[in-house]
């Protein structure tokens, strides 16, 4: 466990290693030697009731906020989490784990399979959204927290929040579901499937045994990322940022990089290859395809008996999980007579708006969290 | 040259082989031994003034209508072209060539380079929209036609029509531009770029020499096609056709094909690999990226002095070349005081709507062509 205290915030980098209790997954498969890497920001108060749990998205990790010493890349939600920010680390103790199935310190398909001594590869069991929640709950128990002030997530993170609400609503006081979906469309699944095909058809994938062969399906993962990245932006945001601008000087017809947007995509792919694993991409993306919690009519019974305030946010320019997805979640929750607050934000960055510093969005999140337990933020008193 | 006369229509399959006149491209490069494969439907009248020229899209070919003996696949625009159809082969003589740079009989990057005796590969010169038009005009001259009744095309085909209008408006009496663009957006270019990256990063591509090595970048071309195909449909059309339906029985979590939409995409890729060449995909798609005819302020001078009726059509659900692209073309043409008719059609099939039998769309095309030279269609008299 390492810890820093910067001028801005206190952060801790740690892991839960639990070899005593095998985890039984929704599939029936068991995982032993579970390791969950997580970071925390801020301080847990004496009542242990100021914790906010952050669920990350497909390409996220535990590093949600701040910069570690010697690093310049801030956490992926640094605009949202920190002192005086909407998720205010002066008030809240913020927990963010790397997902089960991930590749940034938590057990995943590139971990060593204790049965073989080799990386799991495709022998890693398929995961379900409820498996993420089960692991999150272990971490919360491990940290000695009985009730969370809030659970918050965007995209795949928001889907975890929804599953958690259904599985164990009494774990939390409030919940925030941002730019998420309770049921991917055929188009969503199609984009997801093409990304996985690019990875799995890459010769470097070697049926998932690439780690043992000291190779990797870099082409496939790069293509998957570039394509997905287009779906995370909006036509407007790409247009405003790049238009038809050349990368250098004038356009000079060629098959190489010539338009600035081409260079940008290549850069996105390169950065991603440095920090992400193709197997994790397969496992985490596939969980989203199968997620369909309201298909089970009994899934909502616990939540119906333990209502709590829920904020749902979507962004008008998001065409990956458009506002229609969020409105569907809202409708389902309202059918349970839950106090749902819904904000449809004019964020022009497409799906990635959820990561951006958009004033009405941040205001909505801050206001929603502001009144927890009478512990008001000054600005909203 | 082969010819059939079916119950429905007369069609001819032929080629123009012109080794006497090298073609100088916009790039300055020269192509010798030009071969253009084309089909025709219907009969050229004695006045030779009833010809309609069809320009095909990225993945199209010369086989626009009807079925050849022993084949079951009708031409790609069979809903539009035929006896009694909007482009009525009982009245019109319809010409459709395979594009220069294509792979269905016309000279392209997989043709033999006379200088080396090997396929051109990436030594084939880069093409521009005006090169397509120059070749189309050669074919029209070869057929002894002085003036076309109309030039018609969708998507990349519509872009050729626009370029032809600018380069030689006196060649035609009317023009129809469908689901096209005069200027790709950053998002358009981004999708196009990722498809090409998938092809060029495939080990099977071998820097474009794959034909000599008796291999092919099948993975790359399949991924490019699957991704592009998603952009040709709409979220609604994929949803109506597939939703979250399983391909067989119930959904059974796995990485293989499970959802019906996944099976559909795989099928699209397989069919495409059988009929398309990766190098042609690179060359034809890249022409679209660079197409920006109105960037040259002098480009419109000929058209301004030779105004003619133009029909522009777009489809509300088309998000690849949305109605905004067509409206921009309309505005540019109206600035020249041209008689432009614009139809924005409620076709729910996305970009591919232009290939579909949508009544108001077909009515608009038929009506626009109906009054040429007083040669009215009965239905519209």
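The numbers here are math on the coordinates, done by the rules we state, and not lab data. Fair warning: this is a prediction, and the values are worked out from it, not measured in the lab. Here the Cβ positions follow ideal geometry from the backbone for every residue, glycine too, while neighbour counts run over all protein chains shown.
Which FRET efficiency value, to the nearest 0.05, do you get for residue B:10 and residue B:142 by plugging their Cβ-Cβ distance into 1/(1 + (r/R0)^6) with R0 = 22 Å? Each step should come with its number before you reach the end.
Details: r = 19 Å, r/R0 = 0.88.
Plugging the Cβ-Cβ distance into 1/(1 + (r/R0)^6) gives 0.70.
Inter-part distance, segment B:156-177 to segment A:212-289, computed on C-alpha centroids, equals 35 Å.
Given R0 = 25 Å, the distance between the Cβ atoms of residue A:252 and residue B:113 translates into a calculated FRET efficiency of 0.65.
Between copies, the label points of residue B:142, set 7 Å from Cα on the Cα→Cβ line, lie 7.1 nm apart, reported in increasing order to one decimal in nanometres. Using only alpha-carbon positions in chain A, the gyration tensor eigenvalues give semi-axes of 31, 26, 22 Å once each is multiplied by 5 and square-rooted (largest first). Taking the fewest neighbouring Cβ atoms within 10 Å as the starting point, the ordered list for A:201, B:328 is B:328, A:201.
Averaged over the residues of B:256-264, the number of partner chain Cβ atoms lying within 10 Å of the residue Cβ comes to 4.
Order by neighbour count: B:99, A:23, fewest other Cβ atoms within 10 Å first, most last.
Neighbour counts put them in this order, fewest first: A:23, B:99.
The same position residue B:335 in the other copies lies at 5.2 nm from this copy, comparing label points 7 Å beyond Cα toward the beta-carbon, shortest first.
When Cβ neighbours within 10 Å are restricted to other protein chains, what is their mean count per residue of peptide B:134-145? Spell out each step's value before the answer.
Values: counts 0, 0, 0, 0, 0, 0, 0, 0, 0, 0, 0, 0.
Going residue by residue through B:134-145 and averaging, the value is 0.
Evaluate E = 1/(1 + (r/R0)^6) for residue A:245 and residue B:122, where r is the Cβ-Cβ distance and R0 equals 22 Å; express this FRET efficiency to the nearest 0.05. Write out the running numbers ahead of the final one.
Values: r = 25 Å, r/R0 = 1.15.
The value I calculate is 0.30.
The label point for residue B:324 and the one for residue B:20, both projected 7 Å from the Cα toward the Cβ, are 5.0 nm apart.
Which one, B:18, B:245, B:352, has the greatest fluctuation when you compute a Gaussian network model over chain B with C-alpha springs under 10 angstrom? In the Gaussian network model the winner is B:245. Note on chain B: GNM, Cα springs under 10 Å; of B:197, B:262, B:71, the largest mean-square fluctuation is that of B:71.
Other chains near A:244-253: what is the mean number of their Cβ atoms within 10 Å of each residue's Cβ? Intermediate results must be reported in sequence, preceding the final value.
Values: counts 10, 1, 0, 0, 0, 0, 0, 4, 2, 10.
Average neighbour count from other chains, rounded to a whole number: 3.
Note on residue A:267 and residue A:292: the model spin-label points, each 7 Å out from Cα along the C-beta direction, lie 4.0 nm apart. What is the distance in Å between the Cα centroid of segment B:330-355 and that of segment B:41-86? Cα centres, segment B:330-355 to segment B:41-86: 22 Å. Label points for residue B:21 are taken 7 Å from Cα along Cα→Cβ. From this copy to the others they lie 8.3 nm apart, shortest first. Here the contact order of segment A:235-381, divided by its residue count and restricted to Cα pairs under 8 Å and six or more residues apart, works out to 18 percent. Among B:137, B:196, a tally of other beta-carbon atoms within 10 Å of each Cβ gives an order, fewest to most, of B:137, B:196.
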